[in-house]
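Trainee: So that we are looking at the same thing, I have put the structure below in structure tokens.
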Amino acid sequence: MTLDLFSDLENENNKERKDKIGKTDIKYIKSASILTEAKGFMEAYDFTLNPYSGCSFGCNYCYAAFFARSSDEREHWGDWLKVKENALQLLIKWRKKPLIDKTIYISSVTDPYQPIEKELELTRNILKELLDYHKPRLVIQTRSPLVTRDIDLLKRFEVAQVNMTVTTDSEEVRKAFEPFCPSNISRIKAIKEVTNAGIQTCITMTPLLPIQNASKFTQELLDSGVKKFIVQPFHPDKGKFVASTREIALEQMKKMNWSNEKYTQVVEIFKRELPWLGEGKQGFAPI
Ligand code: SF4
């Protein structure tokens, strides 16, 4: 690999350099690494891969905010996004040690299909690199219909699963917790398209937010054609220094009168009706 090629790749990544999308400030950074040895909740994987740092979607419950570098970034979670503009170059260095059969989770503390991904194609280029030079076992976790753009690549992996997060059946609830995320309907439509393309899929209801009509919601989930589901409540509050659900979301839950009992009742319906339901950490185990 020559320096010229690195610089060509960088120019390719830099072809669109917006510094703001909606309310989110965008910065372009050089990251020290692109693959992180998986630990904690993701310890069953070999690596996690985050092409971005921060997240434009800014869900108010997001525990990833706890991993932000400063209290300012934590408080303004959703208002900033860092593009790891050298992500592809860092991954290219792994060609010397191909990631054969390694399990990789994309992504653990951001969404790989940020709105700016449409122009930058950073995640897409990473997928191409993994496809051409490695044979990993991939799980892609997103809540963006943009994942359908990459169906052509995802189909070619021997082992790949797309997880689509769908947290509620109510747009009112979604807007209260995830006002900057794509609608639930668009996510279900997108994962149906991925499923129909013959790619392994899963719907992750993580966290499960208040549900209006559990039976109707279950039917909508089944109509997507997806066969695998994961459910999980909010991360429990483990205190100030451990990643957990943000206070604003816990208060919102109380206001909506959502309780552990209601969560359990809905999960019981899922257990009866859905073909495969994983719960919590075990549900996320690699394929
Ligand atoms: S999309 Fe995921 S990473 Fe982004 S704010 Fe929401 S929960 Fe956090």
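Coordinate-derived values only; no laboratory data. Everything numeric in this text was worked out from a predicted model, so none of it was measured. Don't worry about glycine lacking a Cβ; one is built from the backbone with ideal geometry, like all the others, and counts go over all protein chains shown.
Trainee: I'd like the orientation of helix 214-223 relative to the chain: the angle between its Cα long axis and the longest Cα principal axis, in ° from 0 to 90, rounded to 10.
Mentor: 40 degrees
Trainee: With label points built 7 Å along Cα→Cβ from the Cα atoms of Q282 and R74, find their separation and express it in nm.
Mentor: 3.2 nm
Trainee: Find, among the chymotrypsin sites (Phe, Trp or Tyr not before Pro) in the range 23-64, those assigned to loop by DSSP (not H, G, I, E, B) with at most 12 other beta-carbon atoms within 10 angstrom.
Mentor: Details: sites: Y28, F41, Y45, F47, Y52, F57, Y61, Y63; in loops: Y45, F57, Y61.
Here no loop site has a sparse enough neighbourhood.
Trainee: Report the Rg/Rh value for the range 171-284, based on alpha-carbon coordinates and the Kirkwood definition of Rh. Walk me through the numbers on the way to the answer.
Mentor: Working: Rg = 14.6 Å, Rh = 15.1 Å.
Reported Rg/Rh, Kirkwood definition of Rh: 0.96.
Trainee: Can you spot the lysines whose alpha carbon is less than 20 Å from K84's alpha carbon? Ignore those fewer than 8 places along the same chain.
Mentor: Cα-Cα hits under 20 Å: K15, K18, K20, K23, K27, K30, K93, K118, K128.
Trainee: What's the exposure ranking of W77, W276, going from fewest to most Cβ atoms within 10 Å? Walk me through the intermediate numbers first.
Mentor: Numbers: W77 19, W276 11.
Ranked by crowding around the Cβ, least crowded first: W276, W77.
Trainee: GNM on the chain, C-alpha springs below 10 Å: top fluctuator among R137, R246, R95?
Mentor: Between R137, R246, R95, it is R95 that shows the largest mean-square fluctuation.
Trainee: Same structure again: Mean residue ellipticity at 222 nm from the helices of the chain, using -39,500 (n - 2.57) per DSSP H segment of n ≥ 4 over the full residue count, to the nearest 500 deg cm²/dmol? Walk me through the intermediate numbers first.
Mentor: Working: 12 runs with 99 residues, N = 287.
-9500 deg cm²/dmol, from helical runs alone.
Trainee: Among 222-229, 255-262, 78-85, how do they line up by average Cβ neighbours within 10 Å per residue, starting with the highest?
Mentor: Numbers: 222-229: 17.6, 255-262: 12.1, 78-85: 20.6.
Going by the mean number of other Cβ atoms within 10 Å, highest first, we get 78-85, 222-229, 255-262.
Trainee: Using a Gaussian network model of the chain whose springs link C-alpha atoms within less than 10 Å, name the residue from T201, T264, T168 with the highest mean-square fluctuation.
Mentor: Comparing T201, T264, T168 in a Gaussian network model of the chain, the most mobile one is T264.
Trainee: If I stretch the segment between K128 and E268 completely, what's the gain in nm (0.36 nm per residue apart, minus their alpha carbon distance), one decimal?
Mentor: Values: separation 140, 0.36 × 140 = 50.40 nm, distance 4.03 nm.
This chain segment gains 46.4 nm when fully extended.
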